[in-house]
Amino acid sequence: MTDTETVIAGPQSPVEAHVLHVVGRDVALHFGPMLAQVAQGLSASGLTTTLVTDDAALGVRLAGTPVECHLVPYVGGWRAWSLGGYLAGRIAPPPDVVHVWGQAGHGWLAHWARRAGLPRVVHVFGTAHGERALRGGWHAGEHVVFPSSALASPLLQRFPQARP
């Protein structure tokens, strides 16, 4: 292929996958508009997209879109102990992958996702989030995503068990 050639892909086959996003109020405060766009974009590309949050403003942003949004009282902290039961009973079909944005509900979600055999992607936004995400042992299908190598490098040196 030369520099002047252009390749245009043909029509994509429909993707049949279900993505669950869990977003706590703290992350929604800073990234709510972006996450709403991501969820809508995934839906527009043919993915079934579900969002669970304790942030009412994010829920309002997604009203009238194809994104299935569940507002729950608490996504993080000890009050989120029932999150796994909620997800098991209300998210149907079960998702193919779970994205956790920040650390809200991470512990409860990890337990539920492992029992259900679901891959989990944890998006961390700071050193404290990264430390909490990496502190526990990791299992197959669990991944931590850092926004930059500057954040990831020092944490991965301290938590070598988290390396892929």
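The values are calculated or read from the model by the stated rules, or taken from the named source; none is laboratory data. Model, not experiment: these values are computed from the prediction. Note that we place each Cβ from the backbone using ideal geometry, even for glycine, and neighbour counts take in every protein chain shown. Ligands, DNA and RNA are excluded from the accessible area calculation, which covers all protein heavy atoms including side chains. Shrake-Rupley method; radii C 1.70, N 1.55, O 1.52, S 1.80 Å.
Below is a table of values for the structure above.
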{"read-out": "Failed item in (1) surrounded by fewer than 19 Cβ atoms within 10 Å (Cβ to Cβ); (2) in a helix (DSSP H, G or I), with Leu35 passing the rest", "value": "(1)"}
{"read-out": "Contacts under 7 angstrom Cβ, first residue in segment 142-154 being among the aromatic types (Phe, Trp, Tyr), partner open to solvent by less than 60 Å² (accessible area, probe 1.4 Å), 6 or more apart", "value": "Phe146/Val124; Phe146/Gly130; Phe146/Ala152"}
{"read-out": "Of all residues in segment 13-32 being under 20 Å from Pro66 (Cβ atoms) and over 15 Å from the mean Cα position of the chain (by Cα), the one that is modelled with the highest pLDDT", "value": "Glu16"}
{"read-out": "Any hit, segment 90-109, residues being among the β-branched types (Val, Ile, Thr), free of Cβ contacts under 8 Å to residues at least 60 places away in the same chain and open to solvent by less than 80 Å² (accessible area, probe 1.4 Å)", "value": "no"}
{"read-out": "Ala116 at pLDDT 80 or above and either open to solvent by less than 40 Å² (accessible area, probe 1.4 Å) or of a type in the set (A, V, I, L, M) (or both)", "value": "yes"}
{"read-out": "Extreme residue, farthest from Pro95 (Cα to Cα), among residues of segment 119-141 that are open to solvent by 40 Å² or more (accessible area, probe 1.4 Å) and modelled with pLDDT of 80 or more", "value": "Phe125"}
{"read-out": "Gly10 vs. criteria modelled with pLDDT under 90, of a type outside the set (Phe, Trp, Tyr) and either in a strand (DSSP E or B) or surrounded by 13 or more Cβ atoms within 10 Å (Cβ to Cβ) (or both)", "value": "no"}
{"read-out": "Hits in segment 142-156 - residues which are open to solvent by 30 Å² or more (accessible area, probe 1.4 Å) and either at pLDDT 80 or above or not in a helix (DSSP H, G or I) (or both)", "value": "His143, Val144, Val145, Phe146, Pro147, Ser148, Ser149, Ala150, Ser153, Pro154"}
{"read-out": "Residue that is most open to solvent (accessible area, probe 1.4 Å), among those in segment 46-85 that are in a helix (DSSP H, G or I) and aliphatic (A, V, I, L, M)", "value": "Val60"}
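Per-residue answers, yes or no, for (1) under 14 Å from Val22 (Cα atoms); (2) of a type in the set (Lys, Arg); (3) in contact with a Pro (Cβ under 7 Å, 6 or more places away or on another chain):
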| position | (1), (2), (3) |
| --- | --- |
| Pro93 | no, no, no |
| Val97 | yes, no, yes |
| Val100 | yes, no, no |
| His106 | yes, no, no |
| Trp112 | yes, no, no |
| Gly117 | no, no, no |
| Val121 | yes, no, no |
| Gly130 | no, no, no |
| Leu134 | no, no, no |
